[in-house]
1. Could you check residue 202 against (1) touching a strand residue (DSSP E or B) at 6+ places or on another chain (Cβ under 6 Å); (2) surrounded by 24 or more Cβ atoms within 10 Å (Cβ to Cβ); (3) aliphatic (A, V, I, L, M) and say which number it fails?
2. Looking at region 101-118, I want the residues that are without any contact (Cβ under 8 Å) to a residue 60 or more places away in the chain and closer than 13 Å to residue 69 by Cα and have a partner that is open to solvent by 40 Å² or more (accessible area, probe 1.4 Å) and aromatic (Phe, Trp, Tyr) with Cβ atoms under 9 Å, at least 6 apart or on another chain. Which pairs are those?
3. How many residues are of a type outside the set (A, V, I, L, M, F, W, C), part of a strand (DSSP E or B) and crowded, with 19+ Cβ neighbours inside 10 Å when one looks only at region 74-103?
4. Are any of the residues in region 125-134 part of a strand (DSSP E or B), modelled with pLDDT of 95 or more, open to solvent by less than 10 Å² (accessible area, probe 1.4 Å) and touching a Gly at 6+ places or on another chain (Cβ under 9 Å)?
5. Please tell me if residue 224 is of a type in the set (A, V, I, L, M, F, W, C), assigned to a strand (DSSP E or B) and in contact with an Asp or Glu (Cβ under 9 Å, 6 or more places away or on another chain).
Amino acid sequence: MVALTLTTTVVVAVAAGCNSETTESSTFAASSAPGLPSTAEADGGVSRVALSPRLDHVHGLHIDADGTILAGTHSGVWAVNSDGNATKVGSSDDDLMGFSGASGTDTLVTSGHPGPSSEAPNPLGLRRSNDGGRTWMDQSLGGEVDFHALATDGAYVIGFDGTTGLRVSVDGGLSWSPGAALAAASLTIGPGGVWALTTAGVQRSIDDGSSFEVVGGAPDLMLLAGTREALWGIDGDGNAWRSHDGDTWEKRSFVGSAEALTADGFATAYAATGENLHVLS
């Protein structure tokens, strides 16, 4: 199997249209980021800081090579520091409906719709950045596919195309082959394979996304994120969960509403809404 390492995010409505943003809710996280200030509100294993300025809906989260939390939003990429200060990254104002990255690197993949200043085709297809979202390259499927769920380790990319099922690339998104006929609200590369959040629950693939099986005993999650070491999730009641292997889950603290989730190993995860950044432990 391809060496899979990833942090990814979730779109709650499996086949939701791009205007169904009210179906998504999330919490923001990143463990390699600088420590939160002592003034952060805390509830057990959750710390929270307010984002300034408020972000225009968070579609996805990623932790880059420097430990910075990157948020893919309705209006491009934003970097968030430990005080909650958000800074625009690059000049793109595209609506990044799908947003993911290779864990601990500056390699990002995205999809969605062109912003007001863009002349890109609609939908965007698969776009790639090797510098943490400062600049973007058109990889493939422009004007054809809007991936709402994406996962990557750099060379390997898997995405839900919103219609027929999953598509898989082994060359960074330049060319594609069909994966499982599965509608995925979220995709992540986690312990032992590729993981998907579906209407049937959490599912796992051990063949690079060609087939999936439901994992019994997993909580009823609305958000899912992972690395090779662990999986994190948030359920419909707003509770955080984590797992070493996807088979046995540990319930953590209450988070509440969340729009996106990313993980930094077993010890830490991050979640966000447009208003708050949450650190989970």
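The values are calculated or read from the model by the stated rules, or taken from the named source; none is laboratory data. Since the model is a prediction, treat every value here as computed from it, not as a measurement. Cβ placement follows ideal geometry from the backbone for every residue including glycine, while neighbour counts extend to all protein chains displayed. Just the protein is used for accessible areas: all its heavy atoms, side chains included, with ligands, DNA and RNA removed. Shrake-Rupley method; radii C 1.70, N 1.55, O 1.52, S 1.80 Å.
1. Only one criterion in (1) touching a strand residue (DSSP E or B) at 6+ places or on another chain (Cβ under 6 Å); (2) surrounded by 24 or more Cβ atoms within 10 Å (Cβ to Cβ); (3) aliphatic (A, V, I, L, M) is unmet by residue 202, namely (1).
2. Partner pairs satisfying both residue conditions: 108/136.
3. Residues that pass the stated criteria total 5.
4. Yes; the residues of region 125-134 include at least one that is part of a strand (DSSP E or B), modelled with pLDDT of 95 or more, open to solvent by less than 10 Å² (accessible area, probe 1.4 Å) and touching a Gly at 6+ places or on another chain (Cβ under 9 Å).
5. Answer is no for this residue.
Conditions tested, residue by residue: (1) at pLDDT below 95; (2) more than 18 Å from the chain's Cα centre (by Cα).
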| site | (1), (2) |
| --- | --- |
| 183 | no, no |
| 187 | no, no |
| 198 | no, no |
| 203 | no, no |
| 217 | yes, yes |
| 233 | no, no |
| 249 | no, yes |
